[in-house]
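Engineer: One structure follows; several queries about it will come next.
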Amino acid sequence: MAGLSAVPLIAFASPKGGVGKTTLAAHAAALLARAGHRVVALDLDPQNALRLHLGLDLDAPGAFGARLPERPAWREALVETPCGARLLPFGAVDPARAMELAQALWREPALLAEPLREMLAVPGLVLVADTPPGPGPALAALQPLADLQVLVLLADAGSAAMLPQIAQNRQLGRGTLAARAAERAAVVLNQVENGVTLSEAVLEMAEQALGPRLLGVVCRDEALAEALADRRMLIEGEPGAGEDLQLLAEALAKRLRLPGAGGRARVEPPGLFDWGRM
Ligand SMILES: Nc1ncnc2c1ncn2[C@@H]1O[C@H](COP(=O)(O)OP(=O)(O)OP(=O)(O)O)[C@@H](O)[C@H]1O
Ligand SMILES: [Mg+2]
């Protein structure tokens, strides 16, 4: 684990936007919750979209990320979602406020690092964080604490070009510190299309360059976009992306050695956990 935390923190990130971070983070959170883990999904993107993916309305109340400069109590900001994971929503902000918040976090990473350290001390929690695309202050504050950074790439030429850097742990820049953080990254290739030459070629390159650091592959499946429109998740292991997402959640659990991973499944439904005692 990254720090001395009892709790795993999984940070979803990507060099470019629109690749499926929020979709994958939401399904990972929901599927881990469904497997019996006590999951907090943390939205650090001012798009404030994780709530939608977890089955809430865009105008549902609640804000955590947007209130970081006020040092909000994270337990009080938790919102229940229909999928069993609890959410720390970003909150609705206009673009000017989003810029101010990013600047505040850049100046003072502790605004995020401090509540994160508190969360990481709560036994039995699993933290799943969604970040804005590219480098930024939220990711910079998360990186030293994250046990696993999940880099989401597409099966396209742009992603293929990044594979050598990732394979050599150079994707976060130069120096030992960046290399150490980069070692804790794994890749998920999203929107892979069977039978499409480029897609299959990039998948093969990723398999060769990354080996076990290619944590998962999710096929391109319109059912994902349709499910989002219906405020539904593909959590029934539906063939296609549903199955791939289930396998990704299992790979995350195994990689982080979560209880029950790789062996007997946990039997307690999420409802049996006493959230009140955190
Ligand atoms: N495997 C997939 N198959 C089909 N559509 C997908 C898949 N993954 C994601 N999408 C769709 O791609 C779009 C972008 O997904 P998403 O919002 O999760 O990306 P993102 O990386 O979080 O974007 P941003 O960088 O803006 O935060 C959404 O419409 C989503 O439904
Ligand atoms: Mg997103």
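Engineer: First select every other residue whose beta carbon is under 15 angstrom from the beta carbon of Lys21; then total the charges, Lys and Arg +1, Asp and Glu -1.
Structural biologist: Details: positive: Lys16, Arg51; negative: Asp43, Asp45, Asp130.
It works out to a net charge of -1.
Engineer: Could you work out the helix-only [θ] at 222 nm for the chain, with each DSSP H run of four or more residues adding -39,500 (n - 2.57) and the total divided by the number of residues, to the nearest 500 deg cm²/dmol? Intermediate values should be presented prior to the final figure.
Structural biologist: Values: 11 runs with 108 residues, N = 278.
Calculated mean residue ellipticity at 222 nm is -11500 deg cm²/dmol.
Engineer: Carbon and sulfur: what percent of the chain's accessible surface (1.4 Å probe)? Present the calculation step by step, with values, prior to reporting the outcome.
Structural biologist: Values: 6950 of 12960 Å².
C and S atoms contribute 54 percent here.
Engineer: Right, next: Give me the distance in nm between label points sitting 7 Å out from Cα along the Cα-to-Cβ direction at Glu100 and Ala121, one decimal.
Structural biologist: 3.1
Engineer: Averaged over every viewing direction, what's the projected area of the C-alpha convex hull for the chain? Give it in nm², one decimal, please. Could the numbers behind the result be given before it?
Structural biologist: Values: hull surface 56.1 nm².
Mean projected area for the chain: 14.0 nm², to one decimal.
Engineer: To two decimal places, what compactness ratio does segment 1-92 give when its Cα radius of gyration is scaled by 2.2 N^0.38 Å?
Structural biologist: Details: Rg = 12.9 Å, N = 92, 2.2 N^0.38 = 12.3 Å.
Computed over Cα atoms of segment 1-92, the ratio equals 1.06.
Engineer: Next up: I'd like the accessible area for Met205: 1.4 Å probe, protein heavy atoms, all chains in place, Å² to the nearest 10.
Structural biologist: For Met205, the solvent-accessible surface is approximately 90 Å².
Engineer: While we're here: Just to be sure I understand the model, the point goes 7 Å from the Cα along the line to the Cβ. What's the resulting Asn169 to Gln208 distance in nm?
Structural biologist: Taking the simple label geometry, Asn169 and Gln208 are separated by 2.4 nm.
Engineer: Okay, next question. At 0.36 nm per residue, minus the direct Cα-Cα distance, what do Ala179 and Glu114 gain on full extension? Give it in nm, one decimal, please. Each step should come with its number before you reach the end.
Structural biologist: Details: separation 65, 0.36 × 65 = 23.40 nm, distance 2.37 nm.
Computed gain between Ala179 and Glu114 is 21.0 nm.
Engineer: For Lys254, Lys21, Lys16, write out the residues from largest to smallest accessible area, computed with a 1.4 angstrom probe and no ligands counted. Before the final figure, lay out each step's value.
Structural biologist: Values: Lys254 140, Lys21 10, Lys16 75 Å².
Correct descending sequence by accessible area is Lys254, Lys16, Lys21.
Engineer: List, in order, the whole-Hz ³J(HN,Hα) value for each residue of segment 185-200 obtained from phi through the Karplus relation with A = 6.51, B = -1.76, C = 1.60 and θ = phi - 60°; use x for Gly and Pro.
Structural biologist: Karplus-based 3J(HN,Hα) across segment 185-200 equals 9, 10, 10, 10, 9, 10, 6, 6, 10, 4, x, 9, 3, 4, 4, 5 Hz.
Engineer: Please report the net charge: other residues with Cβ closer than 10 Å to the Cβ of Arg86, K and R +1, D and E -1.
Structural biologist: Neighbourhood net charge equals +1.
Engineer: Next up: What is the set of long-range amide H partners of Leu148 at a cut-off below 5 Å, with H atoms built 1.01 Å from backbone N?
Structural biologist: Under 5 Å from the amide H of Leu148: Leu9, Ala11.
Engineer: Before I look further, what does the chain give for accessible area per residue, probe 1.4 Å, in whole square angstrom?
Structural biologist: Numbers: 12960 Å² over 278 residues.
Dividing the accessible area of the chain by its residue count gives 47 Å².
Engineer: By accessible area of protein heavy atoms, probe 1.4 Å, what ranking do Arg213, Arg231, Arg107 get, highest first?
Structural biologist: Working: Arg213 50, Arg231 95, Arg107 180 Å².
Greatest to least solvent exposure: Arg107, Arg231, Arg213.
The values are calculated or read from the model by the stated rules, or taken from the named source; none is laboratory data. From a predicted model like this one, the values you see are computed outputs, not experimental measurements. Every residue, glycine as well, gets a Cβ built from its backbone with ideal geometry; the counts of neighbours run over all protein chains shown. Heads up: the accessible areas ignore ligands, DNA and RNA and are worked out on the full protein's heavy atoms, side chains in. Shrake-Rupley method; radii C 1.70, N 1.55, O 1.52, S 1.80 Å.
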